[in-house]
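Each reported figure results from applying straightforward, stated rules to the coordinates on display, with no laboratory input. None of these values were measured; they are calculated from a predicted model. Here the Cβ positions follow ideal geometry from the backbone for every residue, glycine too, while neighbour counts run over all protein chains shown.
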């Protein structure tokens, strides 16, 4: 693997994101409608799933049909929170790594999810290409992205309250390393990366504070679930879920050893209790409290 410059990374190290954004905030509606979308798009069962941007493991219990789940995040502290939340069961592997330089052999996963993560990617096409490389042909990839072409943005643009057009396909960075993407652009990037889009679902149709206060969460979730399939025809919500399938003739690795060195690409890694040692380039990758740390690539 040759050296390459990688885009900047949004690092949640030391963040209380799970507590402040989810546990203590009024986001039960958003959480539950995302669960609905996942349940409708993800296969009921599988062998090994890669959860990209796993954070503190909010969605991980929703992948119970898979024998093994690899939680990947750039933040070590987020993964430590996930460990505390989920326990260190044999079915979970915790990996701190950069999505732009994934430390996995090609074709080791038969499924992957990336929820509330793509919007931090300064180079979204590169991130999607990396995901495709570690997936087997036919693997399902569930991608959620922040939609630039949402109804609120369209209204603000029509009223001249924002300068950028929600209809253009260029990403918009509304805060540092926080991007909204146009659905057509995301579909094109997926196709270029080696995916075929199977389904689209629009999510969080009622993500408006006043509506959430006026109507019970259970009712809003039922309404949202009923409307989500309209995402096949139009996408006007702040969040869009895509189910894509990996296509093409690429490797399949079903063995237990999943890692490769993100610096040189070699799979010749010797493991001890505290380190993975690459015998090809002599790089040592720490194992911290059961978390594989590849962030030094």
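Annotations for the structure displayed:
- Helix-only [θ]222 nm of the chain, DSSP H runs n ≥ 4, -39500 (n - 2.57) each, per residue, nearest 500: -7000 deg cm²/dmol
- Antiparallel DSSP beta bridges within region 17-261, percent to nearest 5: 50 percent
- Rounded to 10°, Cα long-axis angle of helix 217-227 versus longest principal axis of the chain: 90 degrees
- Packing-based order for 192-202, 211-221, 53-63, using average beta carbon neighbours within 10 Å, highest first: 53-63, 192-202, 211-221
- Theoretical FRET efficiency, 1/(1+(r/R0)^6), r = Cβ-Cβ of residue 227 and residue 273, R0 35 Å, to 0.05: 0.10
- With the simple model of a label 7 Å out from the Cα in the direction of the Cβ, residue 159 to residue 187 spans 2.9 nm.
- With each label modelled as a point 7 angstrom along the Cα→C-beta vector, the residue 28-residue 64 pair spans 2.0 nm.
- Length-normalised contact order of region 59-100 in % [C-alpha pairs under 8 Å, at least 6 apart]: 48 percent
- Residue 249 versus residue 40: modelled label distance in nm, points set 7 Å from Cα along the beta carbon direction: 3.7 nm
- For region 1-148: relative contact order, % (alpha-carbon pairs under 8 angstrom, 6 or more apart): 24 percent
- Residues of region 65-96 with amide N under 20 Å of the 7 Å Cα→Cβ point at residue 176: 74-78
- Between helix 28-41 and the chain: long-axis angle, C-alpha atoms, 0 to 90°, nearest 10: 70 degrees
- By the beta-carbon count within 10 Å of each Cβ, the least crowded to most crowded order of 172, 131, fewest first, is 172, 131.
- Rg/Rh for region 158-245 stands at 1.01; both radii use Cα atoms, and Rh follows the Kirkwood definition.
- Angle between the chain longest axis and helix 183-193 axis [Cα atoms, degrees, rounded to 10]: 20 degrees
- Cα gyration tensor, the chain - rounded (a/c under 1.5), prolate or oblate: prolate
- Gyration tensor verdict on region 1-106 (Cα atoms; rounded if a/c is under 1.5, prolate if a/b is larger than b/c, oblate otherwise): oblate
- For region 17-261, averaging the sequence separation of C-alpha pairs within contact (under 8 Å, six or more residues apart) and dividing by the residue count gives a relative contact order of 23 percent.
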